[in-house]
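Okay, structure first, notes after.
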Amino acid sequence: MSLYGSSTLLSRSNSIRALLGFGPGTILFIYLSVPLFFGKPKKIHLPSMADRIKSKRASWKGSLLSIMGRVELVKSVIQGTLLYSFQVYAWPVSLIKSLDKWICCFNWSSDIATRKLVTVAWNKVAAAFAEGGLGIRPLRLLNHVAMLKLAWQLVTAESSWALLIRARFFRGNHRVAFHVSSSIWYSLCPFLDVITDNSQWQIGW
């Protein structure tokens, strides 16, 4: 067991750890399969999740799968795994681009490191079924949708986490103006603007 402190004095943290028998804990660490850290989410904060995805696809290399079999693996396993983290952080664009590149290579050649010459752009191939594509949703879009949902829940929900975040980062109906090192709050701020700009009061019926 480890004890993680914030701005608590070192002497006080040591006293608490000695009393409880806990060891010292340091950021970054993994909690419920999600990395916890301070500040803006960066590529260096999420390598373990990206490596896990990469290793999954590497283990599928050489499997006797059709292209539709590979598509279903991507949608059910890869995107399903990422969606859990997508609902917590706005992932760095560079990392999402790398993941999209791996998905593209895997679907065409069954190997994430092997590019294959194709005649149709990937954004057309991965489009929705109704548009003639394979229905592979862009990872960046998935991340944006998940963060918009979280931002909406923060504004409207009465659950414990939403009340805690609003009490800490809002003053009345306005967000705090000072810098906050919370990685979740940093991810939410741009999407709160989208929620605010696209919401309105409807009085009566």
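The values are calculated or read from the model by the stated rules, or taken from the named source; none is laboratory data. Treat the numbers as computed from the prediction; the structure is a model and nothing was measured. When we count neighbours, we look across all protein chains shown, and the Cβ atoms used for this are built from the backbone with ideal geometry, even at glycine. Ligands, DNA and RNA are excluded from the accessible area calculation, which covers all protein heavy atoms including side chains. Shrake-Rupley method; radii C 1.70, N 1.55, O 1.52, S 1.80 Å.
Taking 0.36 nm per residue of sequence separation and removing the Cα-Cα distance, the Asn173/Thr114 pair yields an extension gain of 16.1 nm. Using R0 = 41 Å, the C-beta based FRET efficiency linking Glu72 and Leu20 works out to 0.30.
By the compact-protein rule of thumb, 2.2 N^0.38 Å, the alpha-carbon radius of gyration of the range 153-205 corresponds to a ratio of 1.24.
Highest mobility in the GNM of the chain, judged by mean-square fluctuation with C-alpha springs under 10 Å and restricted to Gln87, Gln79, Gln153, is found for Gln153.
D for the range 94-205, whole µm²/s, Stokes-Einstein with Kirkwood Rh over alpha-carbon pairs at 4 °C and 1.567 mPa s: what number? It diffuses with D of about 75 µm²/s by this estimate.
Comparing mean-square fluctuations of Gly80, Gly133, Gly39 from a GNM of the chain with C-alpha springs under 10 Å, the top value falls on Gly133. Taking R0 as 45 Å, what FRET efficiency do you get between Leu65 and Ile44 from their Cβ-Cβ distance, rounded to the nearest 0.05? Here the calculated transfer efficiency is 0.85. In units of the compact-protein estimate 2.2 N^0.38 Å, the range 46-156 shows a Cα radius of gyration of 1.10. For the options Met68, Met49, Met147, a Gaussian network treatment of the chain with springs between C-alpha atoms closer than 10 Å singles out Met68 as fluctuating the most.
Taken per residue, the accessible surface of the chain reaches 65 Å², heavy atoms only and a 1.4 Å probe.
With every protein chain in place and a 1.4 angstrom probe, the accessible-area ranking of Thr114, Thr119, largest first, reads Thr119, Thr114. Averaging over all projection directions, the Cα-based convex hull of the chain occupies 16.8 nm² in the image plane.
Over the chain, dividing the summed -39,500 (n - 2.57) contributions of all DSSP H runs of at least 4 residues by the number of residues returns a 222 nm mean residue ellipticity of -15500 deg cm²/dmol. Backbone N atoms of the range 186-200 closer than 19 Å to the 7 Å Cα→Cβ label point of Gln153 belong to residues 186-196. For Lys124, the lysines whose Cα falls under 22 Å of its own Cα, not counting residues fewer than eight places away in the same chain, are Lys75, Lys97, Lys101, Lys116. Per residue, the average separation of C-alpha pairs within less than 8 Å and at least 6 apart gives the chain a relative contact order of 20 percent. Antiparallel beta bridges, as assigned by DSSP with both residues in the chain, represent about 75 percent of the total such bridges. Shape class of the range 70-109 from the alpha-carbon gyration tensor: oblate, with a/c at 1.5 or above and b/c at least as large as a/b. Ranked from largest to smallest solvent-accessible area, with a 1.4 Å probe on the protein heavy atoms, Trp201, Trp161, Trp91, Trp108 come out as Trp201, Trp161, Trp108, Trp91. Which angle from 0 to 90°, rounded to the nearest 10, does the C-alpha axis of helix 93-109 make with the longest principal axis of the chain? For helix 93-109, the angle is close to 30 degrees.
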